[in-house]
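In what follows, a structure is listed as structure tokens, so that the remarks can point back to it.
Derivation of every value follows stated rules applied to the coordinates shown; laboratory data play no part. Remember, it's a predicted structure, so these values are computed and weren't measured experimentally. Please note: Cβ atoms are built from the backbone with ideal geometry, for glycine as well, and neighbour counts cover all protein chains shown.
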């Protein structure tokens, strides 16, 4: 049975888009009727008045003020009557010979209720922060939903981050509870997660409990009074709930604007910022975009290849699909283990209908040629999608021809951690697609392109408009604040241009109103679809004992999209550059995690600086990109000769 707000034609898209912009309160109030509420919006003098209160100056954004709900009742409980024995999550393990686990909605309900009881038994209350640092196992979904059930705020940290990165996030969120695994499988590696957590907790006086799930049987240190085993706690909770009359944990009543989770993301300063999403608006947005972008039909299997440690996994493995009563496939491993045909094996084995992955993964798999596709039945696929970065035309065409067999629409989705879900994307088979273009905005999204001063960008003689991408109205999934620092939220997203949300991306719009994202316009890199702040990487490099100063820029990388190029002044080289490079890479891995390691490190004697001491990254970016002639005016630099030295030493 399709939902009334699933768009079925281009004409409906146009009508819904028009209404969503002109009457957003009425538009979203009608969609909200299809969810389970404990209390609907407080009565208002005029229809829809309490659906949306906002200004971008403070900023203050509220959707459905006064209404209460619990997102887990919308993701689980309401499906039990008619979908109890349907698969909610299909778990494909790292190693193909290991047993697949199928988690029905009934089983998901049982496990989430058990884990909610575990949290309660260990003193977790509504509003407490719980850090989750786990591999891609179903228990990660139970932990996320268990937190939401009890009203605790979850903060999932990707399993590739270092102890120092975790310590910073724990400190910022003042998290008192951690859920982790002994270890995690990732291809042919075992990541010792509990050991990393132990390192992160050195000196920590806030964390009270660490719950440890057994996955890899990696030997771990368990501290008496602090560390407890997941399995023991779940058994105890099951007994408790059964004694109380059956396995059901009542869902906490949450205000529409109560925080649901914190997710840390890189910015243009060295300190990660905790983006806060709230219960009701985020739920509506992930559900609405999931159903419309992918044109999900009941019974289909949706495979999002992301990690739940990133926003894509939150929105399109957990909350979006489950709120729609869908079957979400969760994969523990990597696309190249045990060989480069793993994704196609999974599609064949589980008869996957929707495949949502990153351009980086597509480009990487392209490099193996067509042999890994031999003998794989991909005929079940109906929709393909990409996420994380703009997809280049060559990769789009390869995906279309070899994976979709030219029969599957490709949705090229543009969005961010801060937006909660897709903002600009074609709708599969409904609105037109164009290789390399995200195309049209979702209903509720009102984008504009502006120049440096916030003025509307003019159209050129080719009918193209180029500028910085901003949005002038809130949508339900927009971030509400950055944890513990609302001023940082204001300055990062709402202060650059008055009364506009600034995305940090540049874009082009054509005469059809289609958008093409051209990349970041601030000091943030997009590496393999993951945002990494240049300042964060520079801070980590500068911690190495011999480094005096560094500057980091992005450059085109044929697999990752953007690579990290570091220019480093190091006083302790002593001729062994390669050893120093390895030491610096090790330092970055320890401080942030392997994901932030520079692809190229060029040692330099100086950096191009203005007389006021500002590093001219524009010049470094051009050199890293291979442009050595048109570097602009260098006469204003403190030492123009530095530029020639850097050019001559380019890697």
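Classify the range 544-624 as rounded, prolate or oblate, taking a ≥ b ≥ c as the square roots of the eigenvalues of its Cα gyration tensor: rounded when a/c is under 1.5, otherwise prolate if a/b is larger than b/c and oblate if not. Since a/c reaches 1.5 but b/c is at least a/b, the shape of the range 544-624 is classed as oblate. Taking each DSSP H run with n ≥ 4 as -39500 (n - 2.57) and averaging over every residue of the chain yields -8000 deg cm²/dmol at 222 nm. With a simple spin-label model that places each label point 7 Å from the Cα along the Cα-to-Cβ direction, the separation between residue 229 and residue 2 comes to 5.1 nm. Fewest neighbouring Cβ atoms within 10 Å first, the residues 544, 277 line up as 544, 277. Per-residue packing, averaged as other Cβ atoms within 10 Å, sorts the ranges 93-106, 213-226, 435-448 into the order 435-448, 93-106, 213-226, beginning with the highest. Compute the Cα gyration tensor for the range 387-467, then decide on rounded, prolate or oblate, letting a ≥ b ≥ c be the square roots of its eigenvalues: rounded whenever a/c is under 1.5, prolate when a/b is larger than b/c in the other cases, and oblate in all that remain. Verdict is prolate for the range 387-467.
Across all Cα atoms of the range 102-262, the radius of gyration (one decimal) and Dmax (whole number) stand at 15.1, 44 Å. The modelled label-to-label distance for the pair residue 337/residue 12, using points 7 Å beyond Cα in the direction of Cβ, is 4.2 nm. Going through (i) 1.01; (ii) 1.51; (iii) 0.95, the figure that equals Cα Rg over 2.2 N^0.38 Å as computed for the structure here is (iii).
With both residues required to sit in the chain, DSSP beta bridges show an antiparallel share near 60%. For the range 143-232, the square roots a ≥ b ≥ c of the C-alpha gyration tensor eigenvalues yield an a/c under 1.5, which makes the shape rounded. Each label point was placed 7 Å from the Cα along the Cα-to-Cβ direction; for residue 621 and residue 377 their separation is 4.9 nm. The stretch between residue 485 and residue 122 holds 127.8 nm of extra length on full extension. This uses 0.36 nm per residue minus the Cα-Cα distance.
In plain terms, the chain from residue 633 to residue 397 could stretch by 81.0 nm, reckoned as 0.36 nm per residue minus the Cα-Cα distance. Here the gap between residue 641 and residue 236, fully extended at 0.36 nm per residue and compared with their Cα-Cα distance, gives a gain of 138.8 nm. Its alpha carbons give the range 377-434 an Rg and a Dmax of 11.8, 37 Å.
Post the alpha-carbon centroid distance, the range 555-569 to the range 408-451, in whole angstrom. Taking the Cα centre of each part, the range 555-569 and the range 408-451 sit 27 Å apart. Judged by the mean number of other Cβ atoms found within 10 Å, the most tightly packed of the peptides 563-569, 455-461 leads the ranking 563-569, 455-461.
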